[in-house]
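One structure is given below, encoded as structure tokens.
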Amino acid sequence: MDQKDFIDILENIAPPELAHDFDAGRIGLVIDLLHEKNRQIRRVAVALDVTKPILQRAAEFEADILVCHHTPIFHAINIINQPMAEKLKIIFDNNLSVYAMHTNYDDADGGINTVLANRLGLQECERCDAGIIGTVPKQPADAFAKFVAAQLKTHLVYAGDNTIQKVLICGGSCFNRSSLEIAKQYGVDAFISSELKHSDVLRERGGMTLIDAGHYATENPGMEELGAQIQKLAAERFNEYLEILFIADDPEIKSV
């Protein structure tokens with residue numbers, strides 16, 4: 001597939017204009033090695049993060065491009081340390097381009113939050129500035145927390161003991177004061193995200209149950225399903241078939 005057509009597919013899935021302001025200059029083709037004349041994309045790797053094991057697996061797959069959620073370089077750097085140098089060496093040695101789709105994919109129809117809502121069986125869904133709100137059958141907080149853990153295949157922590165029916169979900173790190181305030185304004189019973197702080201529980205929880213299911217577990221499902229979306233559009237719009245590999249990385253956070 002021509003690189004222009006491939007990028008058109010990605011922008012159709014996650015329009016760049018959906019990205020939050022802080023993502024300016026950090027999404028899209030962030031490492032562009034698709035410079036050869038008439039370069040065609042045949043093999044695509046998909047992953048949440050750009051880690052050394054992910055890059056090694058993409059290189060073994062002989063991918064032409066890695067589509068990721070978290071860009072490999074978020075803040076400007078003046079010194080390239082050894083871990084970064086090792087990753088860049090794999091990228092350049094294997095002529096591997098990198099395309100990042102971050103907050104634009106979070107908020108896209110069929111994106112991170114949509115997939116998360118579907119995995120958790122939310123009904124009557126609506127979007128808000130802090131994610132997606134939906135409903136589940138009424139149940140105690142402990143039962144709902146166990147259900148979330150099972151559906152996302154992860155350990156989690158939670159605070160609250162109220163009855164759950166109306167739920168807000170937001171993949172990634174959404175436990176902040178403004179999102180918690182939005183959740184309270186919508187009157188949700190539970191808010192699922194990650195990186196919950198003790199101060200949030202003490203000062204901002206109100207009567208909600210807060211469920212921290214982890215950054216990786218709340219975003220990785222969306223990346224798992226991205227390959228199928230790419231393949232579907234490639235076939236429908238360009239009558240092309242791509243070899244696509246989803247790579248699940250170990251987030252390196254253990255629980256006992």
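The values are calculated or read from the model by the stated rules, or taken from the named source; none is laboratory data. Computed from a predicted structure; not experimentally measured. Because the Cβ atoms are built from the backbone with ideal geometry, glycine has one as well, and the counts that use them run over all protein chains shown. Note: accessible area is taken over every heavy atom of the protein model, side chains too, but ligands, DNA and RNA are not part of it. Shrake-Rupley method; radii C 1.70, N 1.55, O 1.52, S 1.80 Å.
Quick one: if the Förster radius is 25 Å, what FRET efficiency do Q139 and Q185 give, using the C-beta to C-beta distance and rounding to 0.05?
On the way: r = 23 Å, r/R0 = 0.93.
Rounded to the nearest 0.05, the efficiency is 0.60.
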Legend entry - Vicinal HN-Hα couplings computed from phi for region 183-200 (Karplus, 6.51 cos²θ - 1.76 cosθ + 1.60; Hz; Gly/Pro x): 4, 5, 4, 7, x, 6, 8, 9, 10, 10, 7, 8, 6, 6, 9, 4, 5, 5
Inset, instruction - Using a 1.4 Å probe and ignoring any ligands, DNA or RNA, find the accessible area of V30 and quote it in Å² to the nearest 10. - result: 50 Å²
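What percent antiparallel are the DSSP beta bridges of region 144-248, to the nearest 5? Walk me through the intermediate numbers first.
Working: 3 of 10 bridges.
Taking every DSSP beta bridge within region 144-248, about 30 percent pair in antiparallel fashion.
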Legend entry - Sequence-distant residues sharing a close amide H with F61 (under 5 Å, placed H): none
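Taking R0 as 25 Å, what's the FRET efficiency between S173 and I80 from their Cβ-Cβ distance, rounded to 0.05? Spell out each step's value before the answer.
Values: r = 26 Å, r/R0 = 1.04.
Calculated value: 0.45.
Rule-of-thumb check for the chain: C-alpha Rg over 2.2 N^0.38 Å?
On the way: Rg = 19.2 Å, N = 256, 2.2 N^0.38 = 18.1 Å.
Normalised by 2.2 N^0.38 Å, the Cα Rg of the chain equals 1.06.
Under the 0.36 nm per residue contour assumption, what length would be gained going from the current alpha-carbon distance of L202 and N118 to full extension? Don't skip to the answer; put the middle values down first.
Working: separation 84, 0.36 × 84 = 30.24 nm, distance 3.02 nm.
Additional length available on full extension: 27.2 nm.
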Legend entry - In order through region 222-236: 3J(HN,Hα) via Karplus (6.51 cos²θ - 1.76 cosθ + 1.60), integer Hz, x for Gly, Pro: x, 6, 4, 8, 5, x, 5, 5, 4, 4, 4, 6, 4, 6, 5
Inset, instruction - Report the label-to-label distance for R43 and D161 in nanometres (one decimal), using points 7 Å from each Cα along the Cα→Cβ vector. - result: 5.5 nm
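Just how large is the dipole of the chain about the Cα centre, in debye to the nearest 20, putting +1 at every Lys and Arg Cβ and -1 at every Asp and Glu Cβ? Mind dumping the intermediate values first?
Details: 24 positive and 38 negative charges, 103 e Å.
That gives the chain a dipole magnitude of about 500 debye.
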Legend entry - Estimated Rh, region 101-193: Kirkwood, alpha-carbon pairs, angstrom: 13.3 Å
Legend entry - Translational diffusion coefficient (Stokes-Einstein; Kirkwood radius from C-alpha pairs) of region 30-172 at 25 °C, 0.890 mPa s, in µm²/s: 138 µm²/s
Legend entry - Two-decimal log10 I(q)/I(0) for region 155-256, as the Debye equation yields it once each C-alpha is a single scatterer, q = 0.12, 0.14 Å⁻¹: -0.53, -0.65
Inset, instruction - With a 1.4 Å probe and all protein chains in place, put Y216, Y99, Y241 in order of accessible area, largest first. - result: Y241, Y216, Y99
Legend entry - Three-way shape label, region 1-73, alpha-carbon gyration tensor, a/c 1.5: oblate
Legend entry - Around V115: net Lys/Arg minus Asp/Glu count, Cβ-Cβ under 11 Å: -4
Inset, instruction - Leaving ligands, DNA and RNA out of it, work out the accessible area of F246 with a 1.4 Å probe and give it in Å² to the nearest 10. - result: 60 Å²
Legend entry - Antiparallel DSSP beta bridges within the chain, percent to nearest 5: 45 percent
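If K166, K197, K138 are ordered by their accessible area, calculated over protein heavy atoms with a 1.4 Å probe, which sequence runs from highest to lowest?
On the way: K166 60, K197 125, K138 150 Å².
Per-residue accessible area, sorted high to low, gives K138, K197, K166.
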